[in-house]
Amino acid sequence: MPLTARRVLQQLVDCGVTHIVWLPDSEAAAMYHAIVATPQLRLVPVAREGETIAIAAGLLVGGARPVVQMQSTGYYESGDSVRGLALDLGIPLLMLIGYRGYQEAGRPTDSAAIFLEPSLATWDIPAHLVIRDEQLDRIPVAYQQAQQRGGPVAVLIGAEYE
């Protein structure tokens, strides 16, 4: 079964997530429409993906339960915030990262895919791959892991949302 935006969001709602901090893009229209149609979630749009971590940190301080959503290239752009806030301050944050260039079979050719998992491993950020609805149980596992470790945990989204 493909990856369904509505089902991804239901996993987040079940975890108690209140906000999704994200730079919406045209490739993820299904996710955007699903977020705005989910009354339990508030979309917090940003101008640059590098802002997501700081905004999520502020929401956490205010008692909200945010997650950030970004593309792998946005994760690279967010490096200083990931390091200086999420890692150094130990912010328990779930990051949904679009795995641009992911290939289920064979080696990817897109550098955005080639460097994603090694980059996360270098920073000791656990990662869980989700490419089908059958793997959505990894989202609450990753959310709990972030809470328990007091730091970021990534869910790598390896497919387009439907």
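Can you tell me which condition ARG107 does not meet? The list is (1) surrounded by 13 or more Cβ atoms within 10 Å (Cβ to Cβ); (2) closer than 23 Å to LEU129 by Cβ; (3) in contact with a helix residue (DSSP H, G or I) (Cβ under 9 Å, 6 or more places away or on another chain), and all the others hold.
Checking ARG107 against (1) surrounded by 13 or more Cβ atoms within 10 Å (Cβ to Cβ); (2) closer than 23 Å to LEU129 by Cβ; (3) in contact with a helix residue (DSSP H, G or I) (Cβ under 9 Å, 6 or more places away or on another chain), the one that fails is (1).
Residue-wise test of (1) in a helix (DSSP H, G or I); (2) modelled with pLDDT of 95 or more.
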| site | (1), (2) |
| --- | --- |
| VAL82 | yes, yes |
| PRO92 | no, yes |
| MET95 | no, yes |
| GLY101 | no, no |
| GLY106 | no, no |
| ALA112 | yes, no |
| LEU120 | yes, yes |
| HIS128 | no, yes |
| GLU134 | yes, yes |
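In this structure, is VAL155 of a type outside the set (D, E, K, R), under 16 Å from CYS15 (Cα atoms), part of a strand (DSSP E or B) and modelled with pLDDT of 95 or more?
So VAL155 passes the test.
Which number in (1) surrounded by 17 or more Cβ atoms within 10 Å (Cβ to Cβ); (2) touching a strand residue (DSSP E or B) at 6+ places or on another chain (Cβ under 8 Å) marks the one condition that ALA64 misses?
(1)
Looking only at the range 2-35, filter to residues that are out of contact with any helix residue (DSSP H, G or I) (no Cβ under 6 Å at 6 or more places or on another chain) and small (Gly, Ala, Ser); which one of those is surrounded by the fewest Cβ atoms within 10 Å (Cβ to Cβ)?
Filtering the range 2-35 for residues that are out of contact with any helix residue (DSSP H, G or I) (no Cβ under 6 Å at 6 or more places or on another chain) and small (Gly, Ala, Ser), the one surrounded by the fewest Cβ atoms within 10 Å (Cβ to Cβ) comes out as SER26.
To keep it simple, each residue is scored yes or no on (1) farther than 22 Å from GLN135 by Cα; (2) without any contact (Cβ under 8 Å) to a residue 12 or more places away in the chain.
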site	(1), (2)
ALA5	no, no
VAL13	no, no
SER26	yes, yes
ALA30	no, no
THR38	no, no
ARG42	yes, no
PRO45	yes, no
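For (1) surrounded by fewer than 16 Cβ atoms within 10 Å (Cβ to Cβ); (2) small (Gly, Ala, Ser); (3) farther than 13 Å from VAL8 by Cα, each residue gets a yes or a no:
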site: ALA112; (1), (2), (3): no, yes, yes
site: ALA121; (1), (2), (3): yes, yes, yes
site: GLU134; (1), (2), (3): yes, no, no
site: TYR161; (1), (2), (3): no, no, no
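If you take the residues in the range 121-138 that are closer than 15 Å to GLY79 by Cβ and in contact (Cβ under 8 Å) with a residue 40 or more places away in the chain, which one is nearest to the chain's Cα centre (by Cα)?
ILE125
Does SER111 satisfy the criteria of being free of Cβ contacts under 8 Å to residues at least 12 places away in the same chain and hydroxyl-bearing (Ser, Thr, Tyr)?
So SER111 fits the description; yes.
Just to be sure before I move on: is VAL141 touching a residue at least 24 places away in the same chain (Cβ under 8 Å) and of a type in the set (A, V, I, L, M, F, W, C) in the structure I sent?
Answer is no for this residue.
The values are calculated or read from the model by the stated rules, or taken from the named source; none is laboratory data. Not measured: the values here are computed from a predicted model. Cβ: placed from backbone, ideal geometry, glycine included. Neighbour counts: every protein chain shown.
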